[in-house]
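Below: one structure, written as C-alpha cells.
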Amino acid sequence: MYDKDLLVLYILEILSEYANEDKKIYQQDILNLLERNYNIEVTRKTLGKRIASLRYCGYIEGERGIYKKNKFKDDELRILIDSILFAPYIRAEEAKAIIEKLKSLSPVSLKNKNRNIHYVQSLSRTSNENLYPVLDEIDEAIEKRKQIKITVCRFNEHAELENVRTEIIHPYYIVNSNSRYYVICYAGRGDRLESRRIDRISEVEILVKPINPLRNIIGERQNFDLAKYMNEHIYMFSGESVPIKIKMKKEHIGIFIDWYGTDYTISEKDENEIMIRVRANENATYYWALQYGHLVEIVEPLSLRGKLKQGLKDILKKYE
C-alpha cells in the first residue's frame, strides 16, 4: 500500500529519469512505470488530477506528452560538469560525485555519457581534505570583518602536505585565479595587499580582533577595484603594480589580452610591431615574460629587464 500523498513525488521521479523536452512521455507510460518501478496502480483519472496540479504549480510542461521542467538546460549542465571536471581544487572522489549529481538532473541526455570522464583521475588535484572547511572559515571571517590565524602547509618530498608556519592575516576577498582559490589579505607588511593560496592552508582560527579596513591600507581616496587587481596580478604574486612597457608583434596581442585583459594603451606601432603600456605586478610579469620570452620583449622598467636577463643567464647555465 502506497501513501497517496506521495504519488506526485513518484511521478516527478519518473519524469526526472525518463523524460525531457526532447523526449516527452504520456500518461500511459507513467501508469506503466508506476506499476513496474513502484508496484503502484492508480486510475487514469487520479493520475490526471496529479499531473494537472503539477502543471499548475509549474513543475511540469507539455500537454499530451509531458516532461519535468528543469532548472538547467543540457548545455548549461555540460558547462557545470566541465568546470568540475577541470577544477584542480576539487578532490577526485568529490568531483566524480558532483558530476554524477549534475548528470542526474538531465538523465535522458547525460546519464550515460562519460565524455572525458577519465580526466577526473588523471588531472593534478588538491589533496587538502580541509579545503572546504578552510574556505567556509575564511568566508565567515570576511563577513564578520575579523582577523584570522592561518596554518600554512606545503608538500614534502613524499608528496604529503605538512604544516610549516602560522601567521595572522586580515582577509578581504576570496578569488579564483588559474583554477586555484586565493584569499586577498593584509599581512602587516607596509601598505601592500598580499595573497595566500587557500589549498595551502590547513587550519583557520577566527580571531576576536577586527580587520584593518581596506581603505586604511590602500588609502582613503582610492577605491579598490577587484577586477583591476586580478588583471594586474595574473599569478597572484604580492606587491605593488608598476608601469610596464612590452614590445611584441601585432599578431601576438591575443596572448597579452588572454592574461592582462584590455586595460592597456599602445604607445608606438609600425607595420609589424606594437609597444604596449600597462600597469601590472612586476613579479608576475617576470614569470609571464619567461613563459612568452620568444614572443615578447620587456622594455621597461629596466629593473625588470635586468632581472629577466639574469634569470635567463641562470637558466642557460643549467643547460650548457
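The values are calculated or read from the model by the stated rules, or taken from the named source; none is laboratory data. For clarity, every value in this text was computed on a predicted model and none was experimentally measured. Note that we place each Cβ from the backbone using ideal geometry, even for glycine, and neighbour counts take in every protein chain shown.
Data overview
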quantity: Verdict on Asn212 being in a helix (DSSP H, G or I), over 28 Å from Tyr89 (Cα atoms) and without any contact (Cβ under 8 Å) to a residue 60 or more places away in the chain; calculated: no
quantity: Strands (runs of 3 or more DSSP E) completely within the stretch 229-320 that count 1 or more residues being out of contact with any Lys or Arg (no Cβ under 6 Å at 6 or more places or on another chain) and touching a residue at least 60 places away in the same chain (Cβ under 8 Å); calculated: 241-249
quantity: From Glu160, Glu167, residue being farther than 24 Å from Glu94 by Cβ, surrounded by fewer than 20 Cβ atoms within 10 Å (Cβ to Cβ) and out of contact with any Asp or Glu (no Cβ under 9 Å at 6 or more places or on another chain); calculated: Glu167
quantity: Pick from the stretch 200-248, criterion of a type in the set (Asp, Glu) and within 17 Å of Thr166 (Cβ to Cβ), ranking: surrounded by the most Cβ atoms within 10 Å (Cβ to Cβ); calculated: Glu203
quantity: Some residue of the stretch 176-188 being assigned by TED's automatic domain parsing to the domain that holds Ala141, farther than 19 Å from Pro88 by Cα, touching a helix residue (DSSP H, G or I) at 6+ places or on another chain (Cβ under 8 Å) and surrounded by fewer than 17 Cβ atoms within 10 Å (Cβ to Cβ); calculated: no
quantity: Among the candidates Gly254, Gly293, residue that is surrounded by 13 or more Cβ atoms within 10 Å (Cβ to Cβ), of a type in the set (Gly, Ala, Ser) and not assigned by TED's automatic domain parsing to the domain that holds Tyr181; calculated: Gly293
quantity: Test: residue in the stretch 114-128 that is outside any loop (DSSP other than H, G, I, E, B), modelled with pLDDT of 75 or more and surrounded by fewer than 15 Cβ atoms within 10 Å (Cβ to Cβ); calculated: no
quantity: Subset of the stretch 146-201 that is outside any strand (DSSP E or B), among the aliphatic types (A, V, I, L, M) and over 23 Å from the mean Cα position of the chain (by Cα) - its residue that is modelled with the lowest pLDDT; calculated: Ala159
quantity: Residue check, Glu35 touching an Asp or Glu at 6+ places or on another chain (Cβ under 7 Å) and either at pLDDT 85 or above or surrounded by fewer than 11 Cβ atoms within 10 Å (Cβ to Cβ) (or both); calculated: yes
quantity: For Glu300: the one exception among (1) more than 29 Å from Ile174 (Cα to Cα); (2) touching a helix residue (DSSP H, G or I) at 6+ places or on another chain (Cβ under 7 Å); (3) surrounded by 13 or more Cβ atoms within 10 Å (Cβ to Cβ); calculated: (2)
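Residues are listed down the side, and each one gets a yes or a no for (1) touching a residue at least 60 places away in the same chain (Cβ under 8 Å); (2) touching a strand residue (DSSP E or B) at 6+ places or on another chain (Cβ under 7 Å); (3) assigned to a helix (DSSP H, G or I); (4) under 30 Å from Arg200 (Cβ atoms):
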{"position": "Leu12", "(1), (2), (3), (4)": "no, yes, yes, no"}
{"position": "Leu31", "(1), (2), (3), (4)": "no, no, yes, no"}
{"position": "Leu34", "(1), (2), (3), (4)": "no, no, yes, no"}
{"position": "Ile40", "(1), (2), (3), (4)": "no, no, no, no"}
{"position": "Ile51", "(1), (2), (3), (4)": "no, yes, yes, no"}
{"position": "Leu77", "(1), (2), (3), (4)": "no, no, yes, no"}
